[in-house]
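Student: My structure is below; once you've seen it, I'll send some questions.
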Amino acid sequence: MTTTDAAQVPQLSPDLNHMKGIQTTGTNTQFVWRAEAPSRLDDSLYSKELAPHYMQLAGKLASSDLIPKSFRGKPQDLFICWAMGYQVGLTPEQSQQCIAVINGKPAMWGDDMLALCMAHKDFIDIEEHPIRNKDDAITGYVCTVWRKDKKPKSNEFTLEMAKKAGLLAKGGVWTQYPDRMLKLRARGFTLRD
């Protein structure tokens with residue numbers, strides 16, 4: 001691009017993506033890079049442009065029965081959940097379904113965490129297998145993940161481990177769906193490793 005061509009390219013609109021934009025001058029469409037990169041805060045829901053809107057929205061939606069229980073009546077927690085999801089490319093709707101508060105900390109879990117990992121360019125494969133006792137009952141799960149140019153990572157999570165952690169005493173999903181919870185716990189440890 002010559003100096004004359006550059007002078008014909010209009011300034012990027014501030015409402016476009018912070019790093020790039022498509023500009024049209026006459027019949028030419030071109031990709032233009034902005035000279036300065038935004039701070040991490042500028043590209044987050046905490047930015048001065050986005051925060052007021054999403055904080056107000058969280059305040060309105062936090063009382064809805066359609067919002068997960070852990071965020072109901074807690075607009076600040078809902079906003080933080082959305083902001084965390086935004087950082088990994090999730091919409092607010094996706095974020096509130098796949099980020100849970102576990103022991104006071106927000107954590108991505110389940111199938112959405114797996115989908116995020118599978119979308120990574122280095123992901124190769126995942127295998128999840130039940131551990132069975134002599135009566136063929138599931139007593140745990142083993143999860144193994146392969147990434148490009150890395151050794152496989154494996155973890156297991158068993159009923160004995162769940163009992164030791166006090167998960168079975170809590171009731172709820174651990175007593176209703178123990179097989180699924182064992183699988184998700186083994187998966188979560190492996191994907192985080």
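Student: Report whether or not K148 is farther than 26 Å from W82 by Cα, basic (K, R) and touching a Lys or Arg at 6+ places or on another chain (Cβ under 8 Å). Let's see the steps before the verdict.
Tutor: Details: farther than 26 Å from W82 by Cα: yes; basic (K, R): yes; touching a Lys or Arg at 6+ places or on another chain (Cβ under 8 Å): yes.
For K148, the condition - farther than 26 Å from W82 by Cα, basic (K, R) and touching a Lys or Arg at 6+ places or on another chain (Cβ under 8 Å) - is met.
Student: Additional query: If I filter segment 68-88 for residues that are open to solvent by less than 80 Å² (accessible area, probe 1.4 Å), at pLDDT 90 or above and under 16 Å from V173 (Cβ atoms), do I get at least one hit?
Tutor: Yes, because at least one residue in segment 68-88 is open to solvent by less than 80 Å² (accessible area, probe 1.4 Å), at pLDDT 90 or above and under 16 Å from V173 (Cβ atoms).
Student: Regarding S39, is this residue open to solvent by less than 40 Å² (accessible area, probe 1.4 Å) and either outside any strand (DSSP E or B) or modelled with pLDDT of 90 or more (or both)? Talk me through it step by step, then tell me what you get.
Tutor: Values: open to solvent by less than 40 Å² (accessible area, probe 1.4 Å): no; either outside any strand (DSSP E or B) or modelled with pLDDT of 90 or more (or both): yes.
When the stated conditions are applied, S39 does not pass them.
The values are calculated or read from the model by the stated rules, or taken from the named source; none is laboratory data. Remember, predicted model here, so these are calculated numbers, not experimental data. Heads up, the Cβs are rebuilt from the backbone with ideal geometry, glycines too, and the neighbour counts pull from every protein chain shown. Note: areas computed on protein heavy atoms with side chains; ligands, DNA, RNA excluded. Shrake-Rupley method; radii C 1.70, N 1.55, O 1.52, S 1.80 Å.
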